[in-house]
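Enquirer: Dumping the structure here so I can ask a few things about it.
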Amino acid sequence: MLELAILGFLAEGPLPGHELRRRVSQLTGYTRPVSDGSLYPAINRLTRAGLIERRTDPAAGAARYVLSLAAAGRAEMLQRLRKPADHEITDFTRFYVVLAFLSHLPDVAERHAVLRRRLEFLEEPASFFYDNERPLRAEEVADPYRRGMLLTARATSRAERTWLRETLGEKPPVFDAACIDSDRHTPAAPAS
């Protein structure tokens with residue numbers, strides 16, 4: 001997620017390290033704060049791999065530098081956008097990083113393939129809570145806070161599925177069983 005965000009922002013133009021950090025932090029939000037201890041090692045890995053280039057910025061002072069995307073970095077970013085890993089489709093925050101840069105893919109069919117994967121995931125029944133293997137619906141949960149979690153997740157999922165269908169040019173199903181019978185959620189995966 002962090003590396004894709006770095007590549008994606010640099011695809012929009014060269015940036016000094018501190019500005020890149022600000023943009024990545026704003027994208028991932030408070031749920032996944034970006035520390036110097038994770039950002040700068042990622043920048044160093046991408047630089048060593050030849051995906052980004054670092055040059056000093058004499059106008060900003062000796063310790064400042066500007067990062068830019070190398071041709072190999074653009075190719076890597078496009079490949080990551082074409083074929084996101086399963087956890088980048090199923091995890092809400094990771095998918096939003098993919099979504100933030102998806103317009104960089106020049107082929108609409110490739111963009112739509114990524115969106116269809118997300119839609120398919122959202123249409124599978126799931127819940128935060130289960131009775132054996134059966135996902136529990138909000139109406140089946142007595143605890144008001146857990147019910148609130150499920151109702152909020154349902155509303156978010158419904159809105160996202162509507163947007164995905166509109167973007168893909170698909171009509172909503174006449175009877176959307178997933179909206180009624182599912183409390184699809186996208187829990188955050190452990191940060192890597």
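Enquirer: Being among the aliphatic types (A, V, I, L, M) and open to solvent by less than 80 Å² (accessible area, probe 1.4 Å) is the filter here, so list the residues in region 160-175 that pass it.
Expert: LEU164, LEU168
Enquirer: Would you point out the residue of region 83-94, among those that are touching a residue at least 24 places away in the same chain (Cβ under 8 Å) and farther than 13 Å from ARG111 by Cβ, that is most open to solvent (accessible area, probe 1.4 Å)?
Expert: Checked region 83-94; the qualifying residue most open to solvent (accessible area, probe 1.4 Å) is HIS87.
Enquirer: Something else now. So if I check each of ARG74, ARG21, ARG54, which one is surrounded by 13 or more Cβ atoms within 10 Å (Cβ to Cβ), modelled with pLDDT of 90 or more, of a type in the set (D, E, K, R) and in a helix (DSSP H, G or I)?
Expert: On the way: ARG21 fails: modelled with pLDDT of 90 or more; ARG54 fails: in a helix (DSSP H, G or I).
So the residue among ARG74, ARG21, ARG54 that is surrounded by 13 or more Cβ atoms within 10 Å (Cβ to Cβ), modelled with pLDDT of 90 or more, of a type in the set (D, E, K, R) and in a helix (DSSP H, G or I) is ARG74.
Enquirer: Of everything in region 123-159 that's part of a helix (DSSP H, G or I), among the hydroxyl-bearing types (Ser, Thr, Tyr) and within 18 Å of PHE92 (Cβ to Cβ), which residue is least open to solvent (accessible area, probe 1.4 Å)?
Expert: SER157
Enquirer: Turning to a different aspect of this structure: For region 119-158, which positions are farther than 26 Å from PRO84 by Cα and in contact with a strand residue (DSSP E or B) (Cβ under 9 Å, 6 or more places away or on another chain)?
Expert: Answer for region 119-158, where residues must be farther than 26 Å from PRO84 by Cα and in contact with a strand residue (DSSP E or B) (Cβ under 9 Å, 6 or more places away or on another chain): PHE129, LEU136, GLU140.
Enquirer: All but one of (1) closer than 21 Å to GLU110 by Cα; (2) in contact with a strand residue (DSSP E or B) (Cβ under 8 Å, 6 or more places away or on another chain); (3) open to solvent by 40 Å² or more (accessible area, probe 1.4 Å) hold for ARG80, so report the exception by its number.
Expert: (2)
Enquirer: So, in region 90-109, how many residues would count as being closer than 15 Å to ALA5 by Cα and either in a helix (DSSP H, G or I) or touching a strand residue (DSSP E or B) at 6+ places or on another chain (Cβ under 7 Å) (or both)?
Expert: Selection size over region 90-109: 13.
Enquirer: Do you know which residues across region 24-49 are part of a loop (DSSP other than H, G, I, E, B) and either under 17 Å from the mean Cα position of the chain (by Cα) or modelled with pLDDT under 85 (or both)?
Expert: Within region 24-49, GLY29, TYR30, THR31, ARG32, PRO33, VAL34, SER35 qualify.
The values are calculated or read from the model by the stated rules, or taken from the named source; none is laboratory data. Just so it is clear, the structure is predicted and the values come from calculations on it, not from any experiment. So basically every Cβ, Gly included, is an ideal-geometry build from the backbone, and we count neighbours across all protein chains shown. With ligands, DNA and RNA removed, areas are computed over all heavy atoms of the protein, side chains included. Shrake-Rupley method; radii C 1.70, N 1.55, O 1.52, S 1.80 Å.
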